[in-house]
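Peer 1: After the structure tokens below, expect a handful of questions from me.
Just so you know, all these numbers are worked out from the coordinates, no wet-lab data involved. Treat the numbers as computed from the prediction; the structure is a model and nothing was measured. When we count neighbours, we look across all protein chains shown, and the Cβ atoms used for this are built from the backbone with ideal geometry, even at glycine.
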Amino acid sequence: MSKCSHGVVMAVSSDFLAHLEELLAGLGRLRVKTMFGGASLSVDDAAFALVFGETLYLKVDDDTRAAFEAEGSAPFTYAMKDGRTGILHYWSLPERALDDPDEALRWARLGLEAAYRARKPKTKKGRAMRGDIGPGPWDG
């Protein structure tokens, strides 16, 4: 079971999930999936957020991490069985955005964009692969 950064097992409140669904309605069809005492949020099969307790964590990457750091957000951390602390690429929604739909959507879109970027297949050199590389021996 996952623990929050304070080491306490957190369950997701159905009232908080309902608030988030309303707050993030402008993103599109939001899918909520419960897991490990929390929940994941996705749009178009792109998981962009985690919810534990009363905290929304949005996906970050190298392009968005600095914005979350500048707002004083914190990464989602959890205690591992061996005593180490694990850190995921999800950071808390800035507190001021929790009751402001426009601000919440702005931050959630950053998380969604990071989730979309993470889904793109990479080549060995780290560049995104082209969808159609043209005819070749693989065409049958």
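Peer 1: So which residues in the stretch 48-80 are in contact with a strand residue (DSSP E or B) (Cβ under 7 Å, 6 or more places away or on another chain), of a type outside the set (A, V, I, L, M, F, W, C) and under 16 Å from LEU24 (Cβ atoms), if there are any at all?
Peer 2: If the condition is that a residue be in contact with a strand residue (DSSP E or B) (Cβ under 7 Å, 6 or more places away or on another chain), of a type outside the set (A, V, I, L, M, F, W, C) and under 16 Å from LEU24 (Cβ atoms), then THR55, TYR57, LYS59 are the ones that fit.
Peer 1: Given the criteria among the aliphatic types (A, V, I, L, M) and either surrounded by 15 or more Cβ atoms within 10 Å (Cβ to Cβ) or under 10 Å from the mean Cα position of the chain (by Cα) (or both), does ALA70 qualify?
Peer 2: Here the answer is no, as ALA70 does not meet what is asked.
Peer 1: Take the residues in the stretch 31-53 that are in contact (Cβ under 8 Å) with a residue 24 or more places away in the chain, over 14 Å from ALA114 (Cβ atoms) and of a type in the set (A, V, I, L, M); name whichever of them is surrounded by the fewest Cβ atoms within 10 Å (Cβ to Cβ).
Peer 2: Residue satisfying both the conditions and the ranking: ALA39.
Peer 1: Filter the stretch 18-30 down to the residues that are surrounded by 15 or more Cβ atoms within 10 Å (Cβ to Cβ) and outside any strand (DSSP E or B) and list them by number.
Peer 2: Those that are surrounded by 15 or more Cβ atoms within 10 Å (Cβ to Cβ) and outside any strand (DSSP E or B): HIS19, LEU20, LEU23, LEU24, LEU27.
Peer 1: Does at least one position in the stretch 54-64 carry a residue that is of a type in the set (Val, Ile, Thr), surrounded by fewer than 21 Cβ atoms within 10 Å (Cβ to Cβ) and within 16 Å of GLU22 (Cα to Cα)?
Peer 2: yes
Peer 1: Now for a separate question. State whether the residues of the stretch 63-70 include one that is within 19 Å of PRO101 (Cβ to Cβ) and among the polar types (S, T, N, Q).
Peer 2: No, every residue in the stretch 63-70 fails to be within 19 Å of PRO101 (Cβ to Cβ) and among the polar types (S, T, N, Q).
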